[in-house]
């Protein structure tokens, strides 16, 4: 009873009388997307994030100048048609540095997330599922890390490791994993006694198998939301480290460091501080909106 | 198998409320002590991770091998790590954080000097954040979906998305450089500096106690911008949290019952729903205060506020590790103490935690 496939692809997607698992999955994804696209703020956030990724990926084509080329005869010029966001104290084009700075920002945010996700999953699921002294020890360790405000702990670690972008990533990752582990543990506790877990135990499934096959997938939505919202705070922490001179080192462009350097010329060249700061604000706002939107869809109990 | 457990539970019942309370307090004290131990271990490890050679930091460029070995032994670097850790613990217990390589004072004295300035700023900011943020979040929740709610959410969203060092710099650019409404930085005007050396170290309070009105107004003038900015960040977080707590309560059935009984909106919100979110609010206010210390590091740097944050960043700049570790440890200790305090306050506010 199938209609002509070309015109009714949408109908096929919307039809909830599934004829195959693939259709069920496609239906799920499409309906989720429809609900997401009804939230204009979340959609706006997504657009900004996509633009950020494109800017970082296509930086050599999007930028108008070389971000490192100095030209002291053209220092501290206000925004104009040749230098869209003006030039800095060494005559470098602020717009081009901003575009290349998107790479630094994304690099830090993605790397931290990639490091923190698995650690949070393993620690949280192990603490929640196995319980006992392992739970106690792991939660004590997260408590210790949580006792520090995140920027202060990141400051201490980057001071010990030395400045630089990789060390900033490690320092931030060390401060971000505890809340993720806490979240996974709390989620795990809610279904460690569920029937499907007990059934798997009775079948003799090993602890790692239960953790990764049964528990981790169920924690995934809330962790994805948390990690998306975390992106905003990672970006702010990275910018804060850069502002204090502990992030990416000059001359590589980093938004926080750009804003910090511009402070010396605040009265003569407001754009040096104002524009990188606005970029940080825009991107962290976008990740917050995106995360809120995802939460409304994927996690109805917190909507 | 189950017999010992049975006797254990029955024994617990016999002990009664008092024994239970003692056990609870003992376990939370144990938890705090282990956290404290971990905190010290962490700062010790960070201290040992530094790439710079601490001996060279003391000796400078001119030294011979004999002097190097002597200082190396004096610092205890020739002993095994666990011994070094124990002597580190001992000195911390005596409030000895070592000497600062920059100020040449003991770090403990430096911290005692700069900490009140940060405390003053942080207390004012958390007051601003709580007084404005909590009502804003509650009103947002009550008027969900209206323009009031949208406006409140936008204000909050901007607050926790904006980099605070940038907001501070923009405020200086607009209100100091262009409009000249606020002073350029520091705690008081230069000619008022050092006039009041008070018991608390919090200048506003000290000036008030001493009756020095000029110093008082100068201090208020200086603290306004940084406190408002920090308060805004705290407000953003608190209004977001109190909105979601309140929404959760307003969806409960007891609220429906109260409505059905014909109770007015105000008693429903403040006498019923608000009472039930007090404990959660207390938790997030604690978290906001700890988060505020983060913001203070940046805001103090921007506004030249001579507090813990500026001390920490200056120490970082000069690679003065004793000072960095001392400041970080102090901030960690404050967080633990605040959490402990909340734990105690819980017991008074929330009857459920008592049973």
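The values are calculated or read from the model by the stated rules, or taken from the named source; none is laboratory data. For clarity, every value in this text was computed on a predicted model and none was experimentally measured. Cβ atoms come from the backbone with ideal geometry, glycine included; neighbour counts cover every protein chain shown.
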* To do: Scan segment A:177-197 for residues that are within 13 Å of chain B (Cβ to nearest Cβ) and within 30 Å of residue A:245 (Cα to Cα) and jot them down.
  => A:178, A:179
* Might you check whether a residue that is under 10 Å from the mean Cα position of the chain (by Cα) and either assigned to a helix (DSSP H, G or I) or at the interface with chain A (Cβ under 9 Å from one of its Cβ atoms) (or both) occurs anywhere in segment B:305-316? => no
* Please find, among A:136, A:73, the residue that is in a helix (DSSP H, G or I), under 30 Å from residue A:219 (Cβ atoms) and over 27 Å from the mean Cα position of the chain (by Cα). => A:136
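Here is a yes/no grid of residues against (1) part of a loop (DSSP other than H, G, I, E, B); (2) within 18 Å of the chain's Cα centre (by Cα):
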{"site": "A:175", "(1), (2)": "no, yes"}
{"site": "A:201", "(1), (2)": "no, no"}
{"site": "A:213", "(1), (2)": "no, no"}
{"site": "A:236", "(1), (2)": "no, yes"}
{"site": "A:245", "(1), (2)": "yes, no"}
* Asked: What number of residues within segment B:239-265 are buried (at least 17 other Cβ atoms within 10 Å of the Cβ) and on the phi > 0 side of the Ramachandran plot?
  -> 0
* Picking from A:136, A:105, which residue would you name as being within 14 Å of another protein chain (Cβ to nearest Cβ) and within 30 Å of residue B:334 (Cα to Cα)? -> A:136
* **Qualifying positions in segment B:128-185 - part of a helix (DSSP H, G or I), more than 10 Å from chain A (Cβ to nearest Cβ), within 20 Å of residue B:226 (Cβ to Cβ) and without any contact (Cβ under 8 Å) to a residue 60 or more places away in the chain** => B:131, B:171, B:175
* In this structure, does residue B:287 turn out to be part of a helix (DSSP H, G or I) and modelled with pLDDT of 90 or more? -> no
* Asked: In segment B:188-270, which helices (runs of 4 or more DSSP H) lie fully inside it and hold 2 or more residues that are modelled with pLDDT under 90?
  -> B:203-210, B:213-250
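Matching residues to (1) farther than 15 Å from residue B:161 by Cβ; (2) outside any helix (DSSP H, G or I); (3) at the interface with chain B (Cβ under 10 Å from one of its Cβ atoms):
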| residue | (1), (2), (3) |
| --- | --- |
| A:239 | no, no, yes |
| A:251 | yes, yes, no |
| A:263 | yes, no, yes |
| A:268 | yes, yes, no |
| A:277 | no, no, yes |
| A:285 | no, no, yes |
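Residues are listed down the side, and each one gets a yes or a no for (1) more than 14 Å from chain A (Cβ to nearest Cβ); (2) under 27 Å from residue B:148 (Cα atoms); (3) free of Cβ contacts under 8 Å to residues at least 24 places away in the same chain:
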position	(1), (2), (3)
B:212	yes, no, yes
B:259	yes, yes, yes
B:270	yes, yes, yes
B:290	no, no, no
* Would you please list the contacts, defined by Cβ atoms under 6 Å and residues six or more apart or on different chains, that run from a residue in segment B:330-348 that is touching a residue at least 60 places away in the same chain (Cβ under 8 Å) to a residue that is loosely packed, with under 15 Cβ neighbours inside 10 Å? => B:346/B:353
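Residue by residue, here is whether (1) surrounded by fewer than 13 Cβ atoms within 10 Å (Cβ to Cβ); (2) touching a strand residue (DSSP E or B) at 6+ places or on another chain (Cβ under 8 Å) holds:
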| residue | (1), (2) |
| --- | --- |
| A:29 | yes, no |
| A:33 | yes, no |
| A:54 | no, no |
| A:75 | no, yes |
| A:106 | no, no |
* **Qualifying residue in segment B:49-58 (condition: at pLDDT 70 or above, within 30 Å of residue B:319 (Cα to Cα), under 34 Å from the mean Cα position of the chain (by Cα) and away from every other protein chain (no Cβ under 14 Å))** => yes
* Matching residues, segment A:147-176, being touching a helix residue (DSSP H, G or I) at 6+ places or on another chain (Cβ under 6 Å) and either surrounded by fewer than 21 Cβ atoms within 10 Å (Cβ to Cβ) or away from chain B (no Cβ under 14 Å) (or both) -> A:161, A:167, A:169, A:173
* Taking segment A:263-279, which residues are crowded, with 17+ Cβ neighbours inside 10 Å and in contact (Cβ under 8 Å) with a residue 60 or more places away in the chain? -> A:269, A:271, A:272, A:275, A:276, A:279
